[in-house]
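In what follows, a structure is listed as structure tokens, so that the remarks can point back to it.
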Amino acid sequence: AMLDPDSGLSLTIARIVQRLKGSSLHSQLERQARVSLHKPEIKLESLKEDIKDFLKTSGWEKKLQNAVYSELNVFPSPCHPAAPPEHMKEPLAYMRKAQGSWEKRILKSLNSMCTELSIPLAQKRPASEQKELLNKWNEMGTDEPDLSLFRPVYAPKDFLEVLMNLRNPNYENGEQPSFRNHLGLIQVPLKVKDIPELKEDFSELGLNIGQLGIDDSAQVPPELFENEHVRVGQKVLAEQDSAAAQQYVRQGCPTALRADLWALILNISNQPEDILYYEQLKSNVIQHDLLVDSLIYKDVKLTASNDDYYFVFEDYLYQVLLCFSRDTSVLEHFTYSSATPPKSYIRGKLGMEEYAVFYPPNGVIPFHGFSMYVAPLCFLYHEPSKLYQIFREMYVRFFFRLHSISSHPSGIVSLCLLFETLLQTHLPQLFYHLREIGAQPLRISFKWMVRAFSGYLATDQLLLLWDRILGYNSLEILAVLAAAVFAFRAVNLMEVTSLAAAEAVLADLSTLKVMPLLQIFLFATVT
């Protein structure tokens, strides 16, 4: 149920005030206000106004604005007060149910691995092992433990099978008139955008607008645009305004400014208390050995370590992912995620809630390819606690949506449906051809979207794509790019006669240029 704008706004304000009250920003503001009382320009008769002015001129008001903006970007608009809390997680009951049974499967897989290998989910490390881990913290990659018995809990293709079987129980055997002609693998009726709507949403990607990542725009000579864009970018950084930064990166980030602009949009400032928090997570890793540690280790070895771009960051990936698994602040995102953190019970106390703990402590079980969410960020951030915070924020804003079942427009189900609808509508011949030969396009593109294209595109291109995810606060661009890739390779794809041959045509995306592909698909397709 939607609220009228006024009560919706007041609920939003109340929630943000509530959330900021407990934050370190709140205590810093109080401290600053107290300090300001000793300044000569603060007069007792105009105390309130003077302190406000001081907070404005000293940059604290900006910090507060950015914090509010960050809250608005992350948390969904409030539901009607009468709506049950699970509606904030996911409004559609059948989606919640599907997510619940998928979670049961994941847990079953995890538990059976525990039993088979007779390894506990968690145990304290012996002192000698703690010392050893501490000593090699920065070179964990040199370790070669035998992980042959460990297997990923699931891979993207297992997840795709689940999404293909989703049905809305209110529609028996596809009698929704508008939806009956959807011939893709996703068979749930969600509203997705068409090209005219996408053009409007992504208007800054238009053909007559300067873009980083386009070398030969007819309108604007690239070097002219780039110099001007860098100048504006420096100004945006000097202003320290998250909302301005988010608007700015829609046209791409200059390489030298990207790390700072992303941090500003995500409102990450790496304060001393953040560094301390990271150190606490690290000591937790040193003290306790979790089964997920081996899964993380194995995933890095199977993915990033074999990647031409990312193998050099192997040690960073272990550090970030091991700390991430211990971070209980990540649990907060489950208030607006359709997923629920798994529970584990202390031995012998099964089913007794007071003996339940979340496992892993952050509530997120990594799957095959998970480490690729972190790898590209290693190009931008070299200080571990900063890298860590950026990744955590990217995860709770975006990446969690790529491996949970929901009806959210940036959720993976909507992205799959958007991808299939774009192809079926704009490249019908290609779509039918691939379908006929048993090469449903989504079988090929699914892994790209689940990983947000990490490990598929060249890194410079991937970062230009992620600029736009941050700029539009949306993952829909992933589906548009996936469709654009098929459009770009359409001539070759029309000639293939099997899934394997289609996969071969699309096996290597490392030479693709993201921005021209998106522009041509969105703005040069006849609609």
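Of all residues in the stretch 421-432, which are open to solvent by 10 Å² or more (accessible area, probe 1.4 Å), in a helix (DSSP H, G or I) and of a type outside the set (S, T, Y)?
Q424, H426, P428, Q429
Here are some conditions: (1) at pLDDT below 95; (2) open to solvent by less than 10 Å² (accessible area, probe 1.4 Å). L377 meets all but one. Which one does it not meet?
With (1) at pLDDT below 95; (2) open to solvent by less than 10 Å² (accessible area, probe 1.4 Å) applied to L377, the lone miss is (1).
Take the residues of the stretch 250-260 that are part of a helix (DSSP H, G or I) and among the small types (G, A, S): which is surrounded by the most Cβ atoms within 10 Å (Cβ to Cβ)?
Top of the filtered list is A259.
Which numbered condition trips up L207, out of (1) at pLDDT 85 or above; (2) of a type in the set (A, V, I, L, M); (3) open to solvent by 60 Å² or more (accessible area, probe 1.4 Å)?
(1)
Going residue by residue through the stretch 410-420, is there one that turns out to be assigned to a loop (DSSP other than H, G, I, E, B) and either charged (D, E, K, R) or within 14 Å of the chain's Cα centre (by Cα) (or both)?
Checking the stretch 410-420: at least one residue is assigned to a loop (DSSP other than H, G, I, E, B) and either charged (D, E, K, R) or within 14 Å of the chain's Cα centre (by Cα) (or both).
Going by the conditions given, is R392 basic (K, R), in contact with a Ser or Thr (Cβ under 9 Å, 6 or more places away or on another chain) and either farther than 27 Å from L478 by Cβ or at pLDDT 95 or above (or both)?
yes
Could you list, in sequence order, the residues of the stretch 488-509 that are of a type in the set (G, A, S), exposed (fewer than 13 other Cβ atoms within 10 Å of the Cβ) and either in contact with a helix residue (DSSP H, G or I) (Cβ under 8 Å, 6 or more places away or on another chain) or in contact (Cβ under 8 Å) with a residue 12 or more places away in the chain (or both)?
The one that is of a type in the set (G, A, S), exposed (fewer than 13 other Cβ atoms within 10 Å of the Cβ) and either in contact with a helix residue (DSSP H, G or I) (Cβ under 8 Å, 6 or more places away or on another chain) or in contact (Cβ under 8 Å) with a residue 12 or more places away in the chain (or both): S498.
Among the residues of the stretch 78-88, is any exposed (fewer than 12 other Cβ atoms within 10 Å of the Cβ) and modelled with pLDDT under 75?
Yes, some residue in the stretch 78-88 is exposed (fewer than 12 other Cβ atoms within 10 Å of the Cβ) and modelled with pLDDT under 75.
Any idea which residue in the stretch 470-479 is surrounded by the fewest Cβ atoms within 10 Å (Cβ to Cβ), counting only those that are part of a helix (DSSP H, G or I) and touching a Lys or Arg at 6+ places or on another chain (Cβ under 9 Å)?
Here the residue is Y472.
So which residues in the stretch 261-273 are more than 20 Å from I477 (Cα to Cα) and either surrounded by 16 or more Cβ atoms within 10 Å (Cβ to Cβ) or among the polar types (S, T, N, Q) (or both)?
Those that are more than 20 Å from I477 (Cα to Cα) and either surrounded by 16 or more Cβ atoms within 10 Å (Cβ to Cβ) or among the polar types (S, T, N, Q) (or both): A263, L264, N267, I268, S269, N270, Q271.
Which residue is surrounded by the fewest Cβ atoms within 10 Å (Cβ to Cβ), if the candidates are limited to the stretch 274-309 and must be outside any helix (DSSP H, G or I) and within 22 Å of the chain's Cα centre (by Cα)?
D307
Among (1) open to solvent by 30 Å² or more (accessible area, probe 1.4 Å); (2) in contact with a helix residue (DSSP H, G or I) (Cβ under 8 Å, 6 or more places away or on another chain); (3) at pLDDT below 95; (4) closer than 30 Å to W102 by Cα, which single condition is P342 missing?
The number of the failed condition is (1).
Return the residues of the stretch 484-519 that are assigned to a loop (DSSP other than H, G, I, E, B), out of contact with any Gly (no Cβ under 9 Å at 6 or more places or on another chain) and either hydrophobic (A, V, I, L, M, F, W, C) or over 24 Å from K199 (Cβ atoms) (or both); say none if nothing qualifies.
Selection gives M494, E495, V496, T497, L506, A507, D508, L509, S510, T511, L512.
Do we have A263 as part of a helix (DSSP H, G or I) and in contact with a helix residue (DSSP H, G or I) (Cβ under 7 Å, 6 or more places away or on another chain) here?
Yes, satisfied.
Name the residue that is surrounded by the most Cβ atoms within 10 Å (Cβ to Cβ), counting only residues in the stretch 34-51 that are assigned to a helix (DSSP H, G or I) and of a type in the set (D, E).
D50
In the stretch 55-69, what residues are under 26 Å from the mean Cα position of the chain (by Cα) and of a type in the set (V, I, T)?
Within the stretch 55-69, V68 is the sole residue that qualifies.
Show the residue pairs that are 6+ apart or on different chains and have beta-carbon atoms under 8 Å apart, the first residue being within the stretch 239-266 and at positive phi, the second being among the small types (G, A, S).
Within 8 Å, the pairs are Q240/G59; G252/G213.
What about Q123, is it at pLDDT 95 or above and of a type outside the set (D, E)?
Spelling it out, it is not the case that Q123 is at pLDDT 95 or above and of a type outside the set (D, E).
Quickly run through the stretch 234-249 and pick out the residues that are open to solvent by 50 Å² or more (accessible area, probe 1.4 Å) and either in a helix (DSSP H, G or I) or under 19 Å from F202 (Cβ atoms) (or both).
Selection gives Q234, K235, A238, E239, Q247.
List the pairs whose first member sits in the stretch 9-28 and is touching a residue at least 24 places away in the same chain (Cβ under 8 Å) and open to solvent by less than 70 Å² (accessible area, probe 1.4 Å), whose second member is of a type in the set (G, A, S) and not in a helix (DSSP H, G or I), and whose Cβ atoms are under 7 Å apart, counting only residues at least 6 apart or on separate chains?
Filtered contacts from the stretch 9-28: T12/S77.
The values are calculated or read from the model by the stated rules, or taken from the named source; none is laboratory data. Since this is a predicted model, take the numbers as computed values, not measurements. FYI the Cβ positions are ideal-geometry reconstructions off the backbone, even for glycines, and counts take in every protein chain you see. Accessible surface is based on the protein model in full, side chains and every heavy atom, while ligands, DNA and RNA are left aside. Shrake-Rupley method; radii C 1.70, N 1.55, O 1.52, S 1.80 Å.
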